[in-house]
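First comes the structure, then the notes that go with it.
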Amino acid sequence: MKTLTKNPIDVVIAWVDGEDPNHRKKRLRFLNKNKLENLPGADETRFHSLNEVKYCVLSILKFAAFVRNIFIVTDKQVPDVENAVKSFFPERLKDIRIVDHTEIFEGYEKFLPTFNSICISNMLWRIKGLSKQFVYFNDDIFLVRPITPNDWFRNDRPVLRGKWFFPPYERLIFDSIKRFFLEIRRTKNKIELPASFQVNQWTAAALLGFSFRYFKSGHTPLAMDKSRLETFFNSHPDILKNNISHRFRNYYQFNTVSLANHLEIKSGNTNFASSQVVYMQPHNRGKLYVDKKFNLCKENPDNLFLCVQSLDQATSSDQKKVINQMESILNILNE
């Protein structure tokens, strides 16, 4: 049963099926148009799906029953979650809604289609009916044990999960040198540096006036305040338009969650916490790698979340192992 809370909390999941022929055709059309070789941010693995979103949704319904609504944001696609929800949480089916990109990009249609998760996350606050307090998931992130609203929001403020770091000066200097030599060697095509998770986060912090350090988040569910994002972007429409103008992830973009975190910090939010996530990337790993990661999930009660990145690149045996382990944690086969 759904737990009633004084302040509703919604979850937003970004999802795409890159093997959908229509989506792939659309994506390749814009790659050809840009005339870029090996465009960073366009790697196939970014768009592949093994229907991990099903386990993402089921884990939320099982371990965070207080969540009011789950919004799955897609590009004219429908994830295969309905039957699973009907089977194990039929009373919650009405609380799951598919949100198309056209809804959150209303008035900004010229930036569609987009194949850029940063652009999509920039616009999540525009989901109709979204609660002020919401948590952003990628479809490869799961809950592994019961949590409470306080794990995401305390005193009506988001819990900021991550650590303080110095600015990535070494990476910035190296990238500048790399760009310089690439531009000398290649004069015909535009040079694109690979987007950097840490640089995109630092760019958000620098945008807000942070000079000597930044708060870096990881691959974990991330709590945000819709009204704070709405106020910032409505006050800085040119910043928003510039950031969502890149159809594929771009080196110079700022990360939405990092922007939200640093807006919170500037406003006095001190709800700092560790990521409490087990990060797994089961590609070119040893035979026991997946087992060891799931043991960390099960044996350490401080680990609340699991991220399994690029599962499509793992061996078929490791893929099956991950699915079996998730079903074991969820205990859905016996419910």
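The values are calculated or read from the model by the stated rules, or taken from the named source; none is laboratory data. Fair warning: this is a prediction, and the values are worked out from it, not measured in the lab. When we count neighbours, we look across all protein chains shown, and the Cβ atoms used for this are built from the backbone with ideal geometry, even at glycine.
Numerical summary
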item: The lone exception for Asn234 - which of (1) touching a Ser or Thr at 6+ places or on another chain (Cβ under 8 Å); (2) at pLDDT 95 or above it fails; result: (1)
item: Yes/no for Thr220 being assigned to a loop (DSSP other than H, G, I, E, B), touching a Gly at 6+ places or on another chain (Cβ under 9 Å), hydroxyl-bearing (Ser, Thr, Tyr) and modelled with pLDDT of 95 or more; result: yes
item: Of all residues in region 128-160 being in contact with a Phe, Trp or Tyr (Cβ under 8 Å, 6 or more places away or on another chain) and among the charged types (D, E, K, R), the one that is surrounded by the fewest Cβ atoms within 10 Å (Cβ to Cβ); result: Arg145
item: Qualifying residue in region 43-59 (condition: in a helix (DSSP H, G or I), at pLDDT below 95, surrounded by 20 or more Cβ atoms within 10 Å (Cβ to Cβ) and touching a Gly at 6+ places or on another chain (Cβ under 8 Å)); result: no
item: Complete set of residues in region 257-280 that are touching a strand residue (DSSP E or B) at 6+ places or on another chain (Cβ under 8 Å) and among the polar types (S, T, N, Q); result: Ser258, Asn261, Asn269, Asn271, Ser274, Ser275, Gln276
item: Selected residue [loosely packed, with under 14 Cβ neighbours inside 10 Å, of a type outside the set (Ser, Thr, Tyr), more than 18 Å from Lys163 (Cβ to Cβ) and over 16 Å from the mean Cα position of the chain (by Cα)] from His236, His246; result: His236
item: Output for region 232-248, where each listed residue is among the aliphatic types (A, V, I, L, M), part of a helix (DSSP H, G or I) and either closer than 13 Å to Val159 by Cα or in contact (Cβ under 8 Å) with a residue 60 or more places away in the chain (or both); result: Leu240
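Residues checked against (1) in a helix (DSSP H, G or I); (2) within 28 Å of Phe305 (Cβ to Cβ); (3) touching a strand residue (DSSP E or B) at 6+ places or on another chain (Cβ under 7 Å); (4) not aliphatic (A, V, I, L, M):
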| site | (1), (2), (3), (4) |
| --- | --- |
| Ala195 | no, yes, no, no |
| Thr203 | yes, yes, no, yes |
| Glu230 | yes, yes, no, yes |
| Asn250 | no, yes, no, yes |
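The rows are residues; the columns are (1) of a type outside the set (S, T, N, Q); (2) within 25 Å of Val16 (Cβ to Cβ).
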site	(1), (2)
Leu222	yes, yes
Arg228	yes, no
Arg247	yes, yes
Gln253	no, yes
Glu264	yes, no
Gly268	yes, no
Ala314	yes, yes
Gln319	no, yes
Asn331	no, no
